[in-house]
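Let me begin by presenting the structure, written as structure tokens, before commenting on it.
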Amino acid sequence: MLITQELTLRRIHRWLCAALIFLTFSTWATYCLGNEEFSRSEPESPHSPDQQNKGNSSHSENYMVTAANPYAAMAGREVLRRGGNAVDAAITTQLVLNLVEPQSSGIGGGGFLLFYDRQNNELYAYDGRETAPAAADQNMFLDEQGFPVPFFQAAVGGLAVGVPGLLRMLELVYEDHGHLPWKDLFQPAIKMADEGFLVSPRLNHLITRDQHLKTFPATQRYFHGTSNQPHPIGFRLRNPELSSTLRSIANNGVSEFYHGPIAKKIVNTVRESFPNPGRLSLSDLAMYQAIRRIPLCAPYRTWRVCGMPPPTSGGVTTLQILGLLEPFDITKLPPNSLEAVHLFAEASKLAFADRAHYLADPDFVDIPVTELIDQRYLRNRAATINHKQSMGPAKPGFVGSQNKGAASSTLKREGESTSHITIVDQKGNVLTMTTSIENAFGSRLMVSGFLLNNQLTDFAFLPNIDGRTVANRVEPRKRPRSSMAPTMVFDKFNRPIIALGSPGGSTIIAYVAKTIVAVLDWKLGIQEAINLPHYANLNGPLILEQGTAITALEPGLNKLGHTVILRPLNSGIHAILIDDNGLIGGADPRREGIALGD
Ligand code: GLU
């Protein structure tokens, strides 16, 4: 059925292209032409953005991939068609994303992954977060007067590059659960890097908008070419350097990256970066380890919700928001109602106050995780929520911890980067993974065909506030606190029913929590849930998604005492709902993703 839909869409697409070409020689027409050319080589052709399942869900019976770019989702589905499992498909999907969505994620960055093994009925969590170099210190993002440097001053160049963790994490999960030969999983990305892919509208837009790519000649060349203009939509972009990098990792394993010639190139690029040389060393790379962690689960009404434990705040804070909402009969409130948004905002503020105070790398800071998601604790906190009045800024709760960390610094800017993949395979295994190079195009440093992250900017720049140390301050070999929140929901028979996650910096947590509430409490379909207008409160102003119906609530929310701001809230939620009739995949219409299955 999906194939018929795809063919029909393709026909419509051709017709639209013809009309567009007739009407204009715009860049859109160029993209259409590019796709038309590419689409002759089915099944490798991607959907163009106007072919995507924008706002519509996909249904499949056997298996499904949902990811931020059609090329990547198609490559992942192909692996599943060949009998690969969810881990195999995730590796291929991610490597293709590295090529076609280079601004968001890749082997120069890190991520977090949850894998549900159906046969053993076990959930596993993997941490591939970047680490700070051994030479990092808590003052590295302060100026001479001791003030935090502006974000882009820290982000661009070598200083904020953490040791990339993605490949070690993929290697670890592959060793534990992979099925097809490692080498085979790299072939689609290698082939596509050699043959080229068509630059999407989103990639073109981000290249055009970015002020920092030109800082580094190699990066400028790759994204602008010899004409020194951003590659237009539909331009066929090849990446022979990435192809050769991936080939050597496919053949010789991940050690190529952490010990071999690639490691040397990474270290040289980071240390010689001008401006902003970094402190990464060969031994930092050689010592990097991905970590198997214990998934963090808590009940939500009749369900069990599981996420990643720290160093990401994604799991704890999502579970806290849900726990804080539980005492309220949210099912009775319409999704976009004033009261629903008010309650959600108040619960979020309480959760984000705890996040800022307690959460950081658990190998460096003593975090009272169990107490923070304890139902009694959350019920007491929820009792401070007033239906008629905003509480203003929330304070962290007291859970008797030894951690006396002061609240860490301010709201972090949300990015246009990061990517989320969700996969269910034929055997019923489920995988949900968020990966990132932090800011769009990361540090802007490109080496061996991929971009290096700027993930160390996720540390608090100020190590002390009012004489008290901040939990998330920079320390050597520490992992910066993340917001990434790959999440799964289980029913009372312990069957996975939703797997999801999103990019979006700290607002990831709001997107994930609201989508869960929308499906479980408001009984919306997964795609309808993703399409809902967003709102988020990170314990500051209440942010409403610009250009959506939710902005009509502004006057009412002001009356309740909220300070409201309107902003684009650029989520990229990729989710799969699993029920008795099969799999329903959702892809966020705010980005270029698609859900594909058979
Ligand atoms: N660096 C962020 C994190 O780890 C992700 C950035 C984004 O989603 O844009 O939480």
Residue list for segment 544-598, filter: more than 18 Å from residue 340 (Cβ to Cβ) and charged (D, E, K, R): 567, 579, 580, 588, 590, 591, 592, 598
Verdict on residue 458 being among the acidic types (Asp, Glu) and within 15 Å of the ligand (Cβ to nearest atom): yes
Restricting segment 425-439 to residues that are part of a loop (DSSP other than H, G, I, E, B) and crowded, with 24+ Cβ neighbours inside 10 Å, the residue that is nearest to the ligand (Cβ to nearest atom): 438
Inter-residue pairs, beta-carbon under 8 Å, first of a type in the set (D, E, K, R) and in segment 436-461, second assigned to a strand (DSSP E or B), 6+ apart: 444/451; 458/482
Residue list for segment 278-320, filter: part of a helix (DSSP H, G or I) and within 16 Å of the ligand (Cβ to nearest atom): 314, 315, 316, 317, 318
Residue in segment 517-528 that is of a type outside the set (S, T, N, Q), within 16 Å of the ligand (Cβ to nearest atom), under 22 Å from the mean Cα position of the chain (by Cα) and under 30 Å from residue 425 (Cα atoms) present: no
Residues of segment 94-123 classified as in contact with a Leu (Cβ under 9 Å, 6 or more places away or on another chain) and over 17 Å from residue 578 (Cβ atoms), total: 17
Evaluation of residue 294 against (1) crowded, with 24+ Cβ neighbours inside 10 Å; (2) more than 23 Å from residue 162 (Cα to Cα) (one fails), failing number: (1)
Elements of type strands (runs of 3 or more DSSP E) in segment 448-541, at least 1 residues being surrounded by fewer than 24 Cβ atoms within 10 Å (Cβ to Cβ) and either touching a Ser or Thr at 6+ places or on another chain (Cβ under 6 Å) or at pLDDT below 95 (or both): none
The lone exception for residue 255 - which of (1) among the small types (Gly, Ala, Ser); (2) touching a residue at least 24 places away in the same chain (Cβ under 8 Å); (3) closer than 30 Å to residue 476 by Cβ it fails: (2)
Filter result for residue 242 (within 15 Å of residue 98 (Cβ to Cβ), surrounded by 23 or more Cβ atoms within 10 Å (Cβ to Cβ) and either basic (Lys, Arg) or touching a helix residue (DSSP H, G or I) at 6+ places or on another chain (Cβ under 9 Å) (or both)): yes
All positions within segment 461-494 that are closer than 18 Å to residue 315 by Cα, within 15 Å of the ligand (Cβ to nearest atom) and not basic (Lys, Arg): 472, 480, 482, 483, 484, 485, 486, 487
Positions within segment 338-362 being surrounded by fewer than 24 Cβ atoms within 10 Å (Cβ to Cβ) and either touching a Phe, Trp or Tyr at 6+ places or on another chain (Cβ under 6 Å) or free of Cβ contacts under 8 Å to residues at least 12 places away in the same chain (or both), in sequence order: 340, 343
Candidate set from segment 105-132 (those that are part of a loop (DSSP other than H, G, I, E, B) and touching a Gly at 6+ places or on another chain (Cβ under 8 Å)); member that is farthest from residue 243 (Cα to Cα): 118
Residue 379 surrounded by fewer than 19 Cβ atoms within 10 Å (Cβ to Cβ), of a type in the set (D, E, K, R) and in contact with a strand residue (DSSP E or B) (Cβ under 7 Å, 6 or more places away or on another chain): no
Residue match in segment 330-347 (condition: at pLDDT 95 or above, among the acidic types (Asp, Glu), more than 16 Å from the ligand (Cβ to nearest atom) and not in a loop (DSSP other than H, G, I, E, B)): yes
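The values are calculated or read from the model by the stated rules, or taken from the named source; none is laboratory data. What you see is a predicted model; the values in this text were computed from it and never measured. A quick note on method: Cβ atoms are made from the backbone with ideal geometry, for glycine too, and the neighbour counts reach across all protein chains shown.
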